[in-house]
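Worksheet for the structure shown next.
Read-outs: derived from the displayed coordinates by stated rules, not from any lab. The shown structure was predicted, so the numbers you read here are calculated from the model rather than taken from an experiment. For neighbour counting, all protein chains shown are included, and Cβ atoms are generated from backbone atoms with ideal geometry for every residue, glycine included.
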Amino acid sequence: MNTDTSSKLFEKAQKLIPGGVNSPVRACKSVGCDPVFIEKAAGAKIYDVDGNVNIDFVGSWGPMILGHNHPAVIAAIKAAIENGTSFGAPCKLEIDLAELVIDAVPSIEMVRFVSSGSEATMSAIRLARGYTGRNVIVKFDGGFHGHADSFLVKAGSGVITLGIPGSPGVPQDIVKNTISIPYNNLEKLEETLRDADLDIACVIIEPIAGNMGVIQPQPGFLEKLRELTTELGIVLIFDEVISGFRAGLGGAQDKFGVTPDLTCLGKIIGGGLPVGAYGGKREIMEMVAPVGPVYQAGTLSGNPLAMAAGKATLTELAKPGFYEELDRKATEFGTRLLSLARKHLGDKVCMNQAGSVLTLFFTEGPVTDFDSAMKSDTEMYGRYYREMLQEGVYLAPAQFEGMFISAAHTADDLEATLKKAESVFIKLAK
Ligand SMILES: *Cc1c(COP(=O)(O)O)cnc(C)c1O
């Protein structure tokens, strides 16, 4: 695979942008190679600047559930762009998208749009603190909620990849108000939440974890969490930035039938444009300025192009049978991928799958929390990543992420991927 142009661009980018990238995982450090630069993408294919074509399973880290350049989304953006790119004033598209979100997500009665998932989560915890008058937030080890100070305690995603426990620059005074406990551990959960000395405002959780690799909540875990937070007057926040519109139109909360007080959304909601959102119970949302005293604002929030892309995307997703078909296709693919991996690598691999997102972990498993995820052989994942890229399959350049299957992956794409994967597993077994 020729990567000359990518290499030249990367060399230049590193002089201008820290690490040559605008988000750390993209630098591919944990898989031991340099990133390729992307020229364009269409459907399930991604094209780099050297003319290599790959089957894409990153999907921009989740948003591209319809595949790249879906005609309805592109048409909506084009129509919106004719009217101007930003107003900093209300527009009807904001209402249209708000209605779609509120209809789709069971717990959301009111919603506020922001421009990223990180903004959504930081606003949600501010709101929870404002609402309860308490300070402490509880999160889960390996949970990732964007890059705000309060969340950089045992965080997942790129924070794991870089092997940094938290981050310099985050004051101790802030993180002393963050408690991180193990995922799927009922005893630790109950013990922490019942600790009366703790002054807990909220619990924030990915109801399907996606940033330490995919990990499903164990049966009863979310239910118990809901029960305890209700009893103790703690705001329950579901960070559905990945699982929202991925686990189903109503997200993980709809799938599991557990209703949080606040929900954070991102990724898919913008159809590939920068959108985040937080929403929930009217009583809590009415604490947000200008109705209430909790301040939160954004110059480009509710941007018309982004709203148009989100609206077009959610409209496609709401069509009957969309998730049934996607999940059926993805489950069959995942099952076959795992059985090929097992055939050649035995108990060196396991898989967690939640519908159209899965993680192949290079460890015996089961992977149920951060500690068991960390047993993965990341060197082996790096080899897997590099070999797959040579074969024309573009995977997440880090073990603790998801492999995203989109509506645009054809039976042929998936068949070809399985064939390539088997040849790679055979190499890895040697
Ligand atoms: C990606 C992600 C975020 C952060 O979203 P950005 O748009 O990258 O700021 C927050 N929470 C979860 C669960 C995510 O996966």
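Could I get the Rg over Rh figure for the chain? Both from C-alpha atoms, Rh via Kirkwood, rounded to two places.
On the way: Rg = 21.0 Å, Rh = 22.1 Å.
Checking Rg against Rh, the ratio lands at 0.95.
Which chymotrypsin sites (Phe, Trp or Tyr not before Pro) does the range 249-319 hold that lie in a coil by DSSP with at most 15 other beta carbons within 10 Å? Please list the in-between numbers first.
Numbers: sites: F256, Y278, Y295; in loops: Y295.
Passing sites in the range 249-319 are Y295.
Overall, the range 71-317 carries a charge dipole of about 420 debye about its Cα centre when +1 sits on the Cβ of Lys and Arg and -1 on the Cβ of Asp and Glu, all other atoms neutral. Separation of the range 135-159 from the range 273-299 is 21 Å, based on Cα centroids.
Count charges around E94 for me, please; just the other residues with Cβ under 11 Å from its Cβ, Lys/Arg as +1, Asp/Glu as -1. Before the final figure, lay out the partial values.
Working: positive: K92, R112, K311; negative: D96, E99.
Charge balance near E94 sits at +1.
Note that the range 310-322 has calculated 3J(HN,Hα) couplings of x, 4, 5, 5, 5, 5, 5, 5, 7, 5, x, x, 4 Hz, one per residue in order, obtained from phi through the Karplus relation 6.51 cos²θ - 1.76 cosθ + 1.60 (θ = phi - 60°); glycine and proline are x. If the elastic network links every pair of Cα atoms under 10 Å, which of K311, K281, K92 fluctuates the most in the Gaussian network model of the chain? Checking each option, the largest mean-square fluctuation is seen for K92. In the range 179-268, if the dipole is taken from +1 on Lys/Arg beta carbons and -1 on Asp/Glu beta carbons about the Cα centre, which of A247, A196, L186 is farthest to the positive end? After comparing all options, I get A247.
Of all DSSP-defined beta bridges confined to the chain, some 60% are antiparallel rather than parallel.
Overall form of the range 53-181: oblate. Here a/c, set by the Cα gyration tensor axes a ≥ b ≥ c, is 1.5 or more, and a/b is not larger than b/c. Qualifying GluC sites (Glu not before Pro) in the range 208-246, where qualification requires a DSSP coil assignment and no more than 12 other C-beta atoms within 10 Å, are lacking entirely. Just to be sure I understand: of the beta bridges DSSP finds with both ends in the range 71-317, what percent are antiparallel, rounded to 5? Roughly 40 percent of the DSSP beta bridges within the range 71-317 come out antiparallel. Please label the shape of the range 128-256 as rounded, prolate or oblate, based on the square roots a ≥ b ≥ c of the eigenvalues of the alpha-carbon gyration tensor (a/c under 1.5 means rounded; beyond that, a/b larger than b/c means prolate, else oblate). Oblate shape, in that a/c is at least 1.5 and b/c is the bigger or equal ratio. Taking a Cβ cut-off of under 12 Å around E187, the surrounding Lys, Arg, Asp and Glu residues balance to a net charge of +1, with basic ones at +1 and acidic ones at -1.
When the helix-only estimate is applied to the chain (DSSP H runs of n ≥ 4, each -39,500 (n - 2.57), divided by the residue count), what is the mean residue ellipticity at 222 nm, nearest 500 deg cm²/dmol? Before the final figure, lay out the partial values.
Values: 15 runs with 165 residues, N = 430.
The helix contribution divided over the chain gives -11500 deg cm²/dmol.
The 3J(HN,Hα) values that the Karplus relation (6.51, -1.76, 1.60; θ = phi - 60°) gives for the range 259-272 are, in residue order, 9, x, 7, 10, 10, 9, 10, x, 6, 4, 4, x, x, x Hz. Gly and Pro appear as x. Rounded to the nearest 20, the Cβ-based charge dipole of the chain about its Cα centre (Lys and Arg +1, Asp and Glu -1) stands at 760 debye. Taking the inverse of the mean 1/r over every pair of distinct Cα atoms in the range 71-317 gives a Kirkwood hydrodynamic radius of 18.2 Å.
Database remark: amide H of Q296 closer than 5 angstrom to the amide H of A289 (H placed geometrically; neighbours at sequence offset of 5 or more, or on other chains; Pro and chain starts carry no H).
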